[in-house]
Amino acid sequence: MNAIKLFAALILSILCATAWADPCDDKVTQVDLNECYGNEYKVAQKELDQVYHVLRASLSDRQRQKAFEAVQAAWLKYRDLHCKFEVSVYEGGSMYSMLYAICLTEKTRARFVELKKMAACDDSDVSCSSM
């Protein structure tokens, strides 16, 4: 394992709240790593968008749909700002975009899990109200 990948693995373990298989393990150059992790973020965002639309459509009340849209917009802003702050120490460096994409991916995957749980809830189930 070269020094870049070793350092990236160390940073990844620090940044990631949950363990996941490294889809970019076979990449060697920083350019390839940046592209691979950027693509992983795009996949995670697409999955989040899909569950978002399913959940939004399941909300029968237009007022709840608007509230949900506002919550999601605020969450997206939080995610982006949080990740920019988290990796700001690397700004200007060759690893910045990779680390930013890793952070975005992890936050997006966590939100996907939250929304998927919400989508599985029945409005009459009060245990779901804490989600």
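The values are calculated or read from the model by the stated rules, or taken from the named source; none is laboratory data. In this text the structure is predicted, and so the values were computed from the model without any measurement. As a convention, Cβ positions derive from the backbone with ideal geometry for all residues, glycine included, and neighbour counts pool all protein chains shown. Ligands, DNA and RNA are stripped out before the accessible areas are found, and what is left, the full protein with its side chains, is counted by its heavy atoms. Shrake-Rupley method; radii C 1.70, N 1.55, O 1.52, S 1.80 Å.
Quick notes on this one:
- Exactly one residue out of E47, E69, E40 is among the acidic types (D, E), in a helix (DSSP H, G or I) and within 15 Å of K117 (Cβ to Cβ): that is E47.
- Number of residues in segment 62-79 that are crowded, with 16+ Cβ neighbours inside 10 Å and more than 12 Å from the chain's Cα centre (by Cα) equals 2.
- Residue pairs meeting the criteria (Cβ under 6 Å; at least 6 apart or on separate chains; first open to solvent by 10 Å² or more (accessible area, probe 1.4 Å), in segment 85-112; second at pLDDT below 95 and assigned to a loop (DSSP other than H, G, I, E, B)): E106/C16
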